[in-house]
Amino acid sequence: MKGLYTHGSSSRNQLLDWEKHALDSFFAKMSDKEKPFPCIPATIGFSMNQLKYGFIGSPRRDTTIKELASLLTSYTEQSREFGNYTSLIIFYETPESMKNAPVEEYEQIFWEHLSRLTELDEFDWPEDIPQDPHDPIWEFCFNGEKYFMYCATPAHKNRKSRHFDVLMLAITPRWVLQEFNKSQSYAQRIKSQVRKRLANYDNITIHPDLNTYGAEDNFEWRQYFLRDDDTSLSKCPYHRFLKLLGKNS
């Protein structure tokens, strides 16, 4: 497994063909001026070259979750050195046989991997974050850091903002997103611009689960994986996993 990759580094020559293709597709998506990607924090991080990239195995391979945990651990330990708008972008080596899988299969894989990450986490869950995903201020944590998780898949067709050629994760520290919430007026302006971009980017209306962190009617887990229509899971799969571990007390 390779370590964290930085755009423009000489290590590009060591990348496999699928890894180069994934990077090129991502760069094209993020640098499109005619149809700008909706997530403004992500586009800023990209333009400032503060994003880090990682490549891991097939979503269905058992060892892949350990590769993900290793990269996220390395990123967590160094992230504050990368800049105020950093995120970790993870590309899975998604086999062609999986490219036509339904959105629901990717959804199941995503939640399995998120749950198994917790199993591999050597840090205690932060005391200031509830362990119940159905609490409005819950968010995913790993290595003591709070993260917003975003998942894109080849199965998304209508929601172009959630489509990518391979299974992809964008993992953003909460402290990065707080940069955009320093003032209420600025946060509202950013939110309005993101929603305008979404309306132009997707072939479907904005998903009803999109909301603001900390709002009483917001649940972060619902935003991690958006389906290609307006439906969503009634209960968080991660919640059930925590109960199995006995961590939900």
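The values are calculated or read from the model by the stated rules, or taken from the named source; none is laboratory data. Computed from a predicted structure; not experimentally measured. Please note: Cβ atoms are built from the backbone with ideal geometry, for glycine as well, and neighbour counts cover all protein chains shown. Keep in mind that these areas ignore ligands, DNA and RNA; they rest on the heavy atoms of the full protein, side chains included. Shrake-Rupley method; radii C 1.70, N 1.55, O 1.52, S 1.80 Å.
Ignoring everything except DSSP H segments at least 4 long, calculate the 222 nm mean residue ellipticity for the chain; use -39,500 (n - 2.57) per segment, divide by total residues, nearest 500. Please report the intermediate quantities before stating the final value.
Numbers: 8 runs with 91 residues, N = 249.
After summing the helix terms and dividing by the residues of the chain, the value is -11000 deg cm²/dmol.
Please list Glu127, Glu93 in order of solvent-accessible area, largest first, computed with a 1.4 Å probe with all protein chains present.
Result of the area sort, largest leading: Glu127, Glu93.
Using the reciprocal of the averaged 1/r over all distinct C-alpha pairs, how large is the Kirkwood radius of region 10-121 in Å?
Evaluated over region 10-121, this radius sits at 15.6 Å.
Assign unit charges at the C-beta atoms only (+1 for Lys and Arg, -1 for Asp and Glu), then state the dipole size of region 67-168 relative to its Cα centre in Debye, rounded to the nearest 20. Mind dumping the intermediate values first?
On the way: 8 positive and 20 negative charges, 150 e Å.
Value, rounded to 20: 720 debye.
In square nanometres, what is the average projected area of the Cα convex hull of the chain?
Values: hull surface 52.5 nm².
Projected over every direction and averaged, the Cα hull of the chain covers 13.1 nm².
Would you mind getting me the FRET efficiency between Ile137 and Ile204? Use the beta-carbon distance for r and R0 = 25 Å, nearest 0.05. Show your work: numbers first, answer last.
Numbers: r = 29 Å, r/R0 = 1.15.
Between Ile137 and Ile204 the formula returns 0.30.
Relative to the compact-globule scaling 2.2 N^0.38 Å, provide the ratio for the alpha-carbon radius of gyration of region 27-80. Please list the in-between numbers first.
Numbers: Rg = 14.2 Å, N = 54, 2.2 N^0.38 = 10.0 Å.
Ratio of Rg to 2.2 N^0.38 Å for region 27-80: 1.42.
Using a Förster radius of 41 Å, what is the FRET efficiency between Glu34 and Arg80 based on their Cβ-Cβ separation? Nearest 0.05, please. Write down the numbers at each step before the final one.
On the way: r = 34 Å, r/R0 = 0.83.
Calculated transfer efficiency: 0.75.
What percent does the relative contact order of the chain come to when contacts are Cα pairs within less than 8 Å and at least six residues apart?
Working: 375 pairs, mean separation 51.2, N = 249.
21 percent.
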